[in-house]
Each structure stands twice: as C-alpha cells, then as structure tokens.
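Reviewing the structure listed below.
The values are calculated or read from the model by the stated rules, or taken from the named source; none is laboratory data. What you are looking at is a predicted structure, and each value in this text was computed from that prediction instead of being measured. Heads up, the Cβs are rebuilt from the backbone with ideal geometry, glycines too, and the neighbour counts pull from every protein chain shown. All accessible areas refer to the heavy atoms of the entire protein, side chains included, with ligands and DNA or RNA removed. Shrake-Rupley method; radii C 1.70, N 1.55, O 1.52, S 1.80 Å.
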Amino acid sequence: MSEPESPTASHQNYRRSLGTISLTAVGLGSIIGSGWLFGAERAARLAGPASILAWVIGAAVALTIALTYSELGSMFPKAGGMVRYGQYSHGSLAGYLAAWANWIAIVSVIPGEATASVQYMSSWHFGWAQGLYNGKELTLSGVALASVLLVGYFILNWFAITMFAKTNTAITVFKVIVPTLTAGALLFAHFDTAHFTDHGGFAPNGWSAVFTAVAVSGIVWAFNGFQSPLNLAGEARDPGKSLPKAVIGSILIALVIYVALQIAFIGAIPAADLSHGWSSLAYTSPLADLAMVWGLNWLALLLYADAFVSPSGTGMIYAATTSRMIHGVQENGHLPKIFGKVDAKTGIPRPALVLNLVVAFLFLAVFRGWGSLAEIVSVATVISYVTGPVAVMALRRLAPDLPRPVRLRAMPVIAPVAMVFGSLVLYWARWPLTGKVILLMAAGLPIWAWYELRKPWAELKPHLKAGAWMVAYLFVMAGVSWAGSTDFGGQGYLPEGWDLLVVAAIALAFYYWGVASAWANPSLAAVRRELAEEAAAAEGSDGSAGSAGSGQEPREASRA
C-alpha cells in the first residue's frame, strides 16, 4: 500500500523560480477567467443591482479564508499545498476529504474554462460557430472543440514551469486590460441609472438571492483562484514574503475589476430586456452582446478574442496547479507512487498532468454547460475551505515551534470567522445542490478506504477519531440545508433569519471540535523532518559559501 513518505527527493526536482509578480499573476490569472465573462449576467439575474454587493461579500469571504491559508502556505511551501494542510493537522480521513473536495473543485474548472471559451465562440457570425452551443449546453462539435483546448492546456504545461510563468504573465496582463477596458467602454456607451431602482428595486428578489448569487453565480468560482499561488508554493523563490502578497493582492485587484464590470453591465442593459424582470436575462455571450447593442463592434471583437484568451489562460494555470495537487495527494498516501514523480529535467509532475487531463475529459462529457460546472465547483470549493481555519489554529497548538513567516496576531479571531463564512456560503448554495455535492464528496471515500482500511485498527483509530468532526460536519450541513428556509431551497423548518444564526452556531461548534481533535500524526512528523533537513541543508550551503568567500578575500584584496 502507498504510505505517506518524506518527499524530499521528488521536491528537489521542482524549480524555485516564481517571484511575487509571477505568483500574483498566477492568482489574478486564475481569478479572472471565465467568471468575468458570465458572472455579471448570472449574478444580476439572481440578485438584480444588489449583485454588486454579492461580489463584495464573495471577496470578503475569500480574503478571510485566504488569510488562514497564507499562514499555512508560508509554513509548508510545498507543491499542491491546499491538499496537504488537513493531513498535517488531522491525519488521513480529514486530510483526504479536504483534498478530494479541493481537487474536485479545481480539476472541474479546467473543462469549465474550455466550455466558456466555446460558449462565447458560439456567438460568432459563422454557421459552424453557432452550432457549437444549443442555448443550454455544448453540442457534440462544441465538446470536440473544448477537448482540443484541454489538450492545449496540457501541452503548455508539459514542458517547463518557466515557460508556464512567462506565458501566464503575458496572458494575465491582457486579461486585466480587457475587463477594465470593457467596463469603461460600456459605462461610456450607455448607463441607465434607473436600472438600480426600477424593476423591483435594488434587491428585487430579496437578500437571500444576493447570498445565493455569492454561492452559485460564479463568484466563488472566480475568487477560488486565490489558492493557485499556494499550490505552486514549492516553486516560489521566497514563499514567506511572496505568497501572502500574491494571494491578498490578486483578490483585491480582481474585486475592483469585477465590481466595475457588474456596475457597467447593469447600467448597459437595454430597458426592453428587463421588461419581464431580472430573471428573464438570457444572453449567450453577455458582455459581447451588450457591446453589439450599443455599436461597440470593436469591443465585441476584442471580447470574442478574450473569451478564448482569458478562460484558456485560467485553464492553463489550473492544469498546472492540479498536477501539483495530485502530487500532494500521492504523498499523503492515497494514490499510486507514479503520480508523485516529477520530471528531473523540467520540474513538471507529468503523470499527474495526464491523470488530470483524463478526469477533465470526463467532466466535460457529463457537464457541458458553464453554469452547471460553476455550481459544482463553487460548492465543492466551499467544502474544501473549512479545513483551513481549523488546521491553522490546530497547528498553532500542535506545532508552535515551526517557523511561520506569515503569522497574524488576529488569527484566533479570523479563523472562526472564516469557518462561519464558509459554512454560510455552503448553506446559501441552496438545497438540493448542497446535498448533491456533499454526496459527490462521499463518492471519493472508496479510494481512501482502499489505502487506509487495510491498516491495523490501532494505527487507523486515531485517524478516524480526528476526522470524525469533518464527516459529521458534512452530514449536519446537508441536514440543515434540507430543513432550512424556503429561500434557500429547504423545507422551511428553520425560519428566515434564524437559519443563518443556526448555521453560524453549527460552524463554530465544529470549528472548536475540529481544533480540539487535531493530533501529532505521522504526516506532521514527516514534514517536520523534511523542513529540518531543508533548514540544515540551507545552513550548510551558507556556511560553505561563507568559507569560500573568506578564502578568496585576501586574493581579491591583493589584486586591488
């Protein structure tokens, strides 16, 4: 069976070549993908003008959770970081569930970005292009073209991380300029202020619709990109400084762009399109369609081009980060060893890339529309988030001596707040979607069972005990979602308002249970040894350099 191993050898094959700018570009490039092309319309359809606040709430949730992961990422600057932290704090069961949820959330983004590109292309004025999308999902030809894009992402990641970084930084610059230009052009072309008060008011469908928009309209999908720099931490030159700057900076820059786009979109909608309310909006290529309405043909052409560049850039990033996640899962002991191999020449985990390509094809075959993939990604993402706040405080108790290049004094407050925020977003996603994705999480347990249940009971028991809180959390949240307010798809047993308080209380209860149940498991011991070895090697290297330098100084002085 596969065991958690000390991964020093494989990690030596990674190239620590990414600086703050490259990592910020990775984060921003992940956040500005297909979400900006479709998110404004989907959020407005659900929440009307109040969708502006949905982006702010989504950014606040992502930023709070990202702060917990920034400390973890700086402590353990390892490839695929997001799938490791739960393993270090709670052992195999909680670690596996968190890793499975995170991987499902990220790997499904790859076909989602390809789907977004093809869906926008279906608005081109060519017969073959219009046959790519039938109004609900990709056609067979659309799936074939999206498959070609998946192969393209795979090829770009096959060769070298330096090629990836250079390509992605250039693409990210383009991805920032085009949304900014789009927002400005639409604001200048047409801005109807009446849309913010008419057609049902600022929040025509109530505040519950605003919260649901956060969960399922692509907002969580978009801001989830903050974790991409963390998954590339093993290739960061100075992770202690660059990771928090990259994570926080990418979220804040993206928030400004997304709010500007949402405001511009709301103001640019023709009044006739709102005659039947916000829920009647049904654009195939939302921003490009509005550009055509107001005679901005140049902008429409630019958007059609960017609809290929932006999602493809994000798909390329996620192809890279998910391969590092697979490497992390393998080192946790839950995949065959071949998926932990890193090519010595290029620093690329190529077997993991192949596995993710196959899984991306499967998702593309089942979920052919951007909206359906966005919902799955968003809920799975939130489930994966809950281990971060728990793990960061648990590790402060278990391993206070480990170096923490990023250590926030307010973390004892930030962590439980992040747990509450994540649980609320999971509840806002509405029943039965919450139940379906939680069931998808359970579908991964046979893989964990294959590797773990063959262990002796004495060895397995502490893993089960430490992970029980997360299993119970998923069942309880599914039950609360089913019994909750009708505003969130529930049976109405919990009245509106009180349901949010109940979810918050449940989140805090499981947070404290999770922190208390952490234990000094073998994975934590292994990473302790690895960090100690790396520190000793670094000190030895510095000492050697110093000795060499001191030996040469007299010669240099004599030359002078």
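Observations on the model:
- Residue that is closer than 17 Å to Gly184 by Cβ, at pLDDT 85 or above and either open to solvent by 20 Å² or more (accessible area, probe 1.4 Å) or in a helix (DSSP H, G or I) (or both), where the choices are Ala246, Ala272, Ala300: Ala300
- Qualifying positions in segment 282-297 - of a type in the set (S, T, N, Q), open to solvent by less than 40 Å² (accessible area, probe 1.4 Å) and farther than 26 Å from Leu150 by Cβ: none
- Filtered residues of segment 75-84 (kept if at pLDDT below 80 and in a helix (DSSP H, G or I)): Gly81, Met82, Val83
- Every residue from segment 182-207 that is small (Gly, Ala, Ser) and open to solvent by 20 Å² or more (accessible area, probe 1.4 Å): Gly184, Ala189, Ala194, Gly200, Ala203, Gly206
- Candidate set from segment 49-69 (those that are modelled with pLDDT under 95 and of a type outside the set (A, V, I, L, M, F, W, C)); member that is surrounded by the fewest Cβ atoms within 10 Å (Cβ to Cβ): Thr64
- The listed residue being hydrophobic (A, V, I, L, M, F, W, C) and modelled with pLDDT under 90, out of Phe202, Phe196, Phe159, Phe211: Phe159
- Subset of segment 475-493 that is assigned to a helix (DSSP H, G or I) and among the hydroxyl-bearing types (Ser, Thr, Tyr) - its residue that is farthest from the chain's Cα centre (by Cα): Thr486
- Of all residues making up segment 475-507, the number that are in contact (Cβ under 8 Å) with a residue 24 or more places away in the chain, surrounded by fewer than 21 Cβ atoms within 10 Å (Cβ to Cβ) and within 19 Å of Pro416 (Cβ to Cβ): 4
- Filter pass, Gly479 being closer than 23 Å to Trp100 by Cα and among the small types (Gly, Ala, Ser): yes
- Of Trp498, Trp513, Trp519, all but one fail to be in contact with a Lys or Arg (Cβ under 9 Å, 6 or more places away or on another chain) and among the aromatic types (Phe, Trp, Tyr); the exception is Trp519.
- Residues of segment 510-531 satisfying the condition of being open to solvent by 60 Å² or more (accessible area, probe 1.4 Å) and in a helix (DSSP H, G or I): Tyr512, Trp513, Ala516, Pro522, Arg528, Arg529
- Residue in segment 163-173 that is nearest to Ile31 (Cα to Cα), counting only those that are open to solvent by less than 70 Å² (accessible area, probe 1.4 Å) and either among the polar types (S, T, N, Q) or at pLDDT 75 or above (or both): Thr172
- When segment 436-450 is limited to residues that are open to solvent by 20 Å² or more (accessible area, probe 1.4 Å) and of a type outside the set (A, V, I, L, M, F, W, C), the one that is nearest to Val377 (Cα to Cα) turns out to be Lys436.
- Within segment 32-39, not a single residue is within 30 Å of Val210 (Cβ to Cβ), of a type in the set (Val, Ile, Thr), surrounded by fewer than 24 Cβ atoms within 10 Å (Cβ to Cβ) and in contact (Cβ under 8 Å) with a residue 60 or more places away in the chain.
- Flag if Ser279 is buried (at least 17 other Cβ atoms within 10 Å of the Cβ), touching a residue at least 24 places away in the same chain (Cβ under 8 Å) and either in a helix (DSSP H, G or I) or touching a helix residue (DSSP H, G or I) at 6+ places or on another chain (Cβ under 7 Å) (or both): no
- Residues in segment 105-130 that are of a type in the set (A, V, I, L, M) and surrounded by 24 or more Cβ atoms within 10 Å (Cβ to Cβ) were compared, and the one that is farthest from the chain's Cα centre (by Cα) is Val118.
- Phe202 more than 17 Å from Val309 (Cβ to Cβ) and free of Cβ contacts under 8 Å to residues at least 24 places away in the same chain: no
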